[in-house]
2 protein chains.
Amino acid sequence: MTPRRAPEAGPLTAEAIIAATEDVLRRYGPAKATVVDVARALNVSHGSVYRHFASKTELREAVARGWLARVTAGLADIAASDRPAPERLHDWLRELAVIKRRKVLDDPEMFATYSALIPGDSPVAADHLAYLAGQVARILADGMASGEFRAADPPTTARAVLDATSRFHAPAHAREWTSPTIDDEFEAVVALLLAGLA
Amino acid sequence: MTPRRAPEAGPLTAEAIIAATEDVLRRYGPAKATVVDVARALNVSHGSVYRHFASKTELREAVARGWLARVTAGLADIAASDRPAPERLHDWLRELAVIKRRKVLDDPEMFATYSALIPGDSPVAADHLAYLAGQVARILADGMASGEFRAADPPTTARAVLDATSRFHAPAHAREWTSPTIDDEFEAVVALLLAGLA
DNA sequence: CGGATGACAGATTTCAGATTCTGTCATCCC
DNA sequence: GGGATGACAGAATCTGAAATCTGTCATCCG
């Protein structure tokens, strides 16, 4: 593996470690990647990595956090658009599902890195869900303000919308995403939810 | 392990093999249980087991099928009751969730046996889901006939209802069922679905 | 002095050889 | 003759010793 960091490079930063870890994870996969591999990629000793991250888990969480933020960045635009709330919610949910499905195929090692954090109850997954719920709550609040949606508590309802669509975005269901009928099933669920919100 | 079958017992039947396998699975767990263990419990050679089941997988499927039918038997009564359809649907979904949750704790080895079939795309899970969807479709059709639910295609909508509640009954989510807020989340999702059906 | 280092202990993983298991089938017996 | 048997091949799993990894820390260096 080509070292990412020349001998004459400046101080070792958390960002450089995260970037190198992402490379190493993509190359070897989360099951094989080691802290020593990361250190080697950076031309430092593995002890130096532990100056910035208390544990391998913490490092993986930082990598997953950044990756998740990047891959779901496009959702905020949909949430903030000025189109009718039901249409926005539909498109937002669809885009979330499409992103996840694409990443399983596109970037399987990083998807696996993120998935592996969930059984361990990492805060990354909970924070990610809370972040997504915030965007849904905003769409719901807009829709309530305009009369497109019936009044309800946006945070609670946002969580219910995400829970009801978890089959289409939760990594635990990733194997089901290759089903030829998955799109129809998604549309049926979303239609039911939109009817319940109207 | 005490043999279930005395030397003077009658012919070896598929049912006896299934019953013995269930015992063996409960005792050793699906990861450790072998066909030889089952044969020993029945005082026969393992070759005899293969006269009735073409493979270990087929045997496990038969066991899981029977177990699932038994543990979900109570749902049919709820589906067939003459209470208002929305109430029936709510109680049916709740009972399904409660059964699954209880079995994870009660009967973890059999729950694991059933869960293990899902990643392998066994027809057992698909058939089970179709059976459940049939009951939901019936509740929906009743509700449509009485005007409690809006008109829609019952089979499609039944599938959507099950998909939207999968977090509360799909084994992939079993770890989440111990969350203290799981009941509130269940009720929020079902309220949204019932609103969408009304 | 702040950051990097590498030796170290204990935990985890690897790997090869030995064992056990699955699934088949020629043979046996009732 | 129909069902049961157990020997067998190839696949999977176990076992235990060696290697590697994680996380710590006394030491070093600029």
Show the residue pairs meeting these rules: Cβ distance below 8 Å; 6+ apart or different chains; first residue within region B:41-55 and away from every other protein chain (no Cβ under 14 Å); second residue within 6 Å of DNA strand C (Cβ to nearest atom) and aliphatic (A, V, I, L, M).
B:H46/B:V35; B:H46/B:V36; B:V49/B:V35; B:Y50/B:V35
Does B:G66 qualify as being in contact (Cβ under 8 Å) with a residue 24 or more places away in the chain and either away from chain A (no Cβ under 14 Å) or within 16 Å of DNA strand D (Cβ to nearest atom) (or both)?
yes
Assess whether B:L96 counts as being crowded, with 20+ Cβ neighbours inside 10 Å, of a type outside the set (G, A, S) and within 14 Å of chain A (Cβ to nearest Cβ).
no
From B:A172, B:A125, B:A158, grab the single residue that is closer than 16 Å to B:E87 by Cα and either within 11 Å of chain A (Cβ to nearest Cβ) or part of a helix (DSSP H, G or I) (or both).
B:A158
Leading residue by the ranking (surrounded by the fewest Cβ atoms within 10 Å (Cβ to Cβ)) among those in region B:128-151 that are more than 23 Å from B:R65 (Cβ to Cβ) and either among the polar types (S, T, N, Q) or facing chain A (nearest Cβ under 9 Å) (or both):
B:S146
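Here's the yes/no breakdown for (1) of a type outside the set (A, V, I, L, M); (2) under 22 Å from B:A160 (Cα atoms):
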residue: A:D127; (1), (2): yes, no
residue: A:A130; (1), (2): no, no
residue: A:Q135; (1), (2): yes, no
residue: A:I139; (1), (2): no, no
residue: A:D142; (1), (2): yes, no
residue: A:E148; (1), (2): yes, no
residue: A:D153; (1), (2): yes, no
residue: A:A158; (1), (2): no, yes
residue: A:R167; (1), (2): yes, yes
Looking at B:T34, B:T113, B:T21, B:T72 in this structure, which one is exposed (fewer than 13 other Cβ atoms within 10 Å of the Cβ) and either away from chain A (no Cβ under 14 Å) or within 16 Å of DNA strand C (Cβ to nearest atom) (or both)?
B:T34
Please list, ordered by residue number, the helices (runs of 4 or more DSSP H) wholly in region B:30-72 having 2 or more residues that are under 16 Å from the mean Cα position of the chain (by Cα).
B:56-71
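No value in this document is a laboratory result; all are computed from the given coordinates. Please read these numbers as outputs of a predicted model, since none were measured by experiment. Because the Cβ atoms are built from the backbone with ideal geometry, glycine has one as well, and the counts that use them run over all protein chains shown.
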